[in-house]
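Trainee: Next up is a structure, given as structure tokens.
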Amino acid sequence: MDAERLDLLEKRLAALEAAVADGAHPLEADAFWALRELKRRAQDRSHVLFTGSLTLPTGAHYEWQETVEVPEVLEADPTQVVAALSALAHPVRLHLLHEVLHGRRTVPELSEGLGTSGQLYHHLRQLVAEGWLATSGRGVYDVPAARVVPLLTLLATARPR
């Protein structure tokens, strides 16, 4: 390793250590680290990256990442995602997903304040059919691991700014 490169690394490390010492979160010290790494790896191709490392209120921990080439998304039939997005486009279904992520997973826990059991099952069926929920036993629902970060990404990007 040449002296110039070593000097640069030492300066970057010192800046990161100073930011952390001042109470900054390490990721905030370099807000676009993921973007820079994506650009480096993409080699002039257009990509979208979404990733997450999280622990839910239930204690369940998830780490997940997906990189998608933009032409793949833009050239696909947009109507292929209508059913999956439509399943999320109802306040009761979003409430159910919120409850499941918070650990309320059984039909009796989910039915509190939501009307008739027929209505509850209607909404649960739609979420299961589109892969947003899965049954892990009789009357017990979970958000599949591969859907947790994508769901949170959709909710985060759809919120008002």
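Trainee: For the chain, which whole-number percentage of the solvent-accessible area (1.4 Å probe, protein heavy atoms only) is attributable to carbon and sulfur atoms?
Mentor: Exposed carbon and sulfur together represent 56 percent of the surface.
Trainee: With the chain treated as a Gaussian network of Cα nodes joined by springs under 10 Å, which of L16, L56, L101 yields the largest mean-square fluctuation?
Mentor: Evaluated over the chain, the most mobile residue of the options is L16.
Trainee: To the nearest 10 degrees, how steep is helix 33-42 against the longest Cα principal axis of the chain, on a 0 to 90 scale?
Mentor: Around 90 degrees separate the two axes.
Trainee: Compute the long axis of helix 91-101 from its Cα atoms, compare it with the longest principal axis of the Cα atoms of the chain, and write down the angle in degrees, 0 to 90, nearest 10.
Mentor: Helix 91-101 and the main axis of the chain meet at about 60 degrees.
Trainee: A follow-up question, please. Tell me which label goes with the value of semi-axes √(5λ) of the Cα gyration tensor in Å computed from the coordinates here: (i) 26, 22, 17; (ii) 29, 21, 13; (iii) 40, 21, 12.
Mentor: Identified label for the calculated read-out: (iii).
Trainee: What length, rounded to one decimal in nm, is gained on full extension from S117 through to R40, with 0.36 nm per residue of separation minus their alpha-carbon distance?
Mentor: Stretched out fully, the S117 to R40 stretch lengthens by 22.6 nm.
Trainee: Given a Förster radius of 35 Å and the C-beta distance between E63 and A3 as r, what FRET efficiency does 1/(1 + (r/R0)^6) yield to the nearest 0.05?
Mentor: After rounding to 0.05, the efficiency reads 0.40.
Trainee: Could you give the size of the charge dipole of the chain about its Cα centre, using +1 on the Cβ of each K and R and -1 on the Cβ of each D and E, expressed in debye and rounded to the nearest 20?
Mentor: Charge dipole, the chain, about its Cα centre: 580 debye, nearest 20.
Trainee: Just the accessible area per residue of the stretch 69-119, please: how many Å² with a 1.4 Å probe?
Mentor: Ligands and nucleic acids excluded, the result is 64 Å² per residue.
Trainee: Let me ask something else. Just to confirm the filter: which trypsin sites (Lys or Arg not before Pro) across the stretch 33-103 are DSSP coil and have at most 13 other Cβ within 10 angstrom of their Cβ?
Mentor: Counting only loop positions with at most 13 other Cβ atoms within 10 Å, the trypsin sites (Lys or Arg not before Pro) in the stretch 33-103 are R45.
Trainee: Let me have the 222 nm mean residue ellipticity of the chain computed from DSSP H runs of 4+ only, each contributing -39500 (n - 2.57), with the sum over all residues rounded to the nearest 500.
Mentor: -16000 deg cm²/dmol
Trainee: Could you work out how far helix 117-129 tilts from the main Cα principal axis of the chain, as a 0 to 90 degree angle to the nearest 10?
Mentor: Orientation of helix 117-129: about 40 degrees from the principal axis.
The values are calculated or read from the model by the stated rules, or taken from the named source; none is laboratory data. Computed from a prediction, not measured in an experiment: that's the story for all the values here. Cβ coordinates were reconstructed from backbone atoms using ideal geometry, including for glycine residues, and neighbour counts include every protein chain displayed. For accessibility, only protein heavy atoms count, side chains too; no ligands or nucleic acids. Shrake-Rupley method; radii C 1.70, N 1.55, O 1.52, S 1.80 Å.
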